Amino acid sequence: MGDADLRELERRWRETGSVEDEAAWLLERVRVGDLERGMLELAAYFGHRAARAVLQDDAPEMPDLGGVKDRSEVRDLQAQRDFAEAMGLDPSSDAWSCVGAGVDPDEIREWCQAFVGLGAEACVRAAWAAAESSLHTWQEENPTDPRPKRALLAAGGWILCPCSSHAEAAGQAAIQASRAANEAEERNVQVDSSGSALISGNGHEVARILAALGSTPSAPDQVANAAALAVEFHGDNLQVWETIRTAVEPWALGYSDPVRERVEARRREAARE
């Protein structure tokens, strides 16, 4: 099958939108070397229906998001909540845990191991997506301290150009973000009437997520730490998982690169400041 046939398969899928036609196109892309099997497996791990149809029995087991594994019909966070309501559950109640909510950092650490074997590019994109969604909290609490944001931008620089110098720059920015986290935590410690130490604000937690992100270009397994910290911060496994999925799945299949687009937007924003 030549390029013209491959283009015809793509045209057919885009015309019909059917899972079967998309699977036929993806299968041929893998066969001719246009799509790595590992990337197809990553999309299948996220529950992409056509990718799973191609792999069939070889599709990786999907993570157990609170007990429901087949999410092919229920893709984004709002749909998950609609699904819960349709089943007669209150998404704000403890019963919602049966369809994916809750806080379990160890669970998402396990999920993220799937990225590590696919190399740093997948890991950094996943960590970047998890970290960016939290940055606004740091900026609201610490508007004059740019160190965590610099960690985000430095890791983004590696995404645009994954070379050793950008990895080193991201690592240095991660060290500074970690220092910012420690300083924020020390500033915000308060002692209650019983003598117990309490930490006000959440900025220090965000800075630790950004620090983990900055370490990921040199140490891809740090993606698990960044995602777990994001789960602790947001208080919802599914929210973080969905943030990562929407950022990484289109890139894995070569459809688009949402993280690169966000990195470029962040850099334009920084240039205007």
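The values are calculated or read from the model by the stated rules, or taken from the named source; none is laboratory data. The shown structure was predicted, so the numbers you read here are calculated from the model rather than taken from an experiment. Every residue, glycine among them, receives a Cβ derived from its backbone with ideal geometry; neighbour counts consider all protein chains shown.
Remark: pairs (first residue in region 148-163, surrounded by fewer than 20 Cβ atoms within 10 Å (Cβ to Cβ); second residue of a type in the set (Asp, Glu); Cβ separation under 8 Å; 6+ apart in sequence or on different chains) = 160/264; 162/121.
Report yes if residue 4 is at pLDDT below 95, assigned to a helix (DSSP H, G or I) and either touching a helix residue (DSSP H, G or I) at 6+ places or on another chain (Cβ under 7 Å) or surrounded by fewer than 11 Cβ atoms within 10 Å (Cβ to Cβ) (or both), otherwise no.
Here the answer is yes, as residue 4 does meet what is asked.
Using the structure shown, decide if residue 173 is surrounded by 14 or more Cβ atoms within 10 Å (Cβ to Cβ) and at pLDDT below 95. In short, no. Residue 118 passes every criterion in (1) under 30 Å from residue 35 (Cα atoms); (2) modelled with pLDDT of 90 or more; (3) not in a helix (DSSP H, G or I) apart from (2).
Applying the criterion of being closer than 28 Å to residue 156 by Cα and of a type outside the set (D, E, K, R) to the residues of region 194-209, the residue that is modelled with the lowest pLDDT is 201.
Looking only at residues of region 231-253 that are farther than 30 Å from residue 34 by Cβ and among the charged types (D, E, K, R), we find that the one that is surrounded by the most Cβ atoms within 10 Å (Cβ to Cβ) is 236. Can you find a residue in region 179-193 that is at pLDDT below 95, within 16 Å of residue 127 (Cα to Cα) and of a type in the set (Lys, Arg)? No, that holds for no residue.
For residue 220, the conditions (1) within 17 Å of the chain's Cα centre (by Cα); (2) at pLDDT 90 or above; (3) in a helix (DSSP H, G or I) are fulfilled apart from (3). Hey, can you tell me all the residues within region 137-172 that are of a type in the set (A, V, I, L, M) and more than 20 Å from the chain's Cα centre (by Cα)? The one that is of a type in the set (A, V, I, L, M) and more than 20 Å from the chain's Cα centre (by Cα): 169. Checked against (1) in contact with a helix residue (DSSP H, G or I) (Cβ under 9 Å, 6 or more places away or on another chain); (2) over 15 Å from residue 123 (Cα atoms); (3) not acidic (Asp, Glu), residue 265 passes all but condition (1). Among the conditions (1) at pLDDT below 95; (2) touching a Gly at 6+ places or on another chain (Cβ under 9 Å); (3) surrounded by 21 or more Cβ atoms within 10 Å (Cβ to Cβ), residue 112 misses just one, which is (2). Looking across 14, 37, one residue alone is within 27 Å of the chain's Cα centre (by Cα), farther than 24 Å from residue 122 by Cα and among the basic types (Lys, Arg). It is 14.
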